[in-house]
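Comments concern the structure below.
The values are calculated or read from the model by the stated rules, or taken from the named source; none is laboratory data. Computed from a predicted structure; not experimentally measured. Virtual Cβ from ideal backbone geometry, glycine too; neighbours counted across all protein chains shown.
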Amino acid sequence: MDIGVVPSPGERQPIPANREVIDRASLNPFELASAEVENGQINGTSLGLARVAQATAETFGFELPTPDEISHNRMVARAIDELTEGSGLELSSSDPAKWHRLKELVEGKLRDLKEQMQQKQSQPRYFPAESS
């Protein structure tokens, strides 16, 4: 504080406590998929990052993931996190090869489950006749 590197309490600016109110109806599908968290709330930081990604994609002409791809990637990441007892993010940077093997395993299981569900839905349903 003596040399002016750290501001004195009087020089510090307070961090605003009120947050931006986000209207879900004003969000496009990419923003909604990117910023919505599990409890249905909108994460303001993620929304800001999604908007930066959109502007960057528009400027440089690259494609962004679809909302379905974002949802799929989140589901895979959650499954890896469960398999690694909460260490999925750490594993992705410390051992990318192992993380990719887990990702392929989880995606294979998800594909199998999806195929099973589609087969179940395509099978005719027979209901026993009511007896009187």
Looking at (1) touching a strand residue (DSSP E or B) at 6+ places or on another chain (Cβ under 7 Å); (2) loosely packed, with under 10 Cβ neighbours inside 10 Å, which is the one condition that is false for Val5? (1)
Go through the residues of the stretch 48-58 one by one and say whether even a single one is of a type in the set (Asp, Glu) and modelled with pLDDT under 95. no
Helices (runs of 4 or more DSSP H) wholly inside the stretch 11-84 that include at least 3 residues being exposed (fewer than 12 other Cβ atoms within 10 Å of the Cβ) and not assigned by TED's automatic domain parsing to the domain that holds Pro96: 44-60
Among the numbered conditions (1) modelled with pLDDT of 90 or more; (2) farther than 23 Å from Val37 by Cα; (3) surrounded by fewer than 13 Cβ atoms within 10 Å (Cβ to Cβ), tell me where Leu105 comes up short. (3)
Among the residues that make up the stretch 69-80, is at least one of them more than 24 Å from Leu32 (Cα to Cα) and either of a type in the set (Ser, Thr, Tyr) or in contact with a His (Cβ under 6 Å, 6 or more places away or on another chain) (or both)? no
Restricting to the stretch 85-95, name every residue that is under 23 Å from Ser34 (Cβ atoms) and part of a helix (DSSP H, G or I). Gly88, Leu89, Glu90, Leu91, Ser92, Ser93
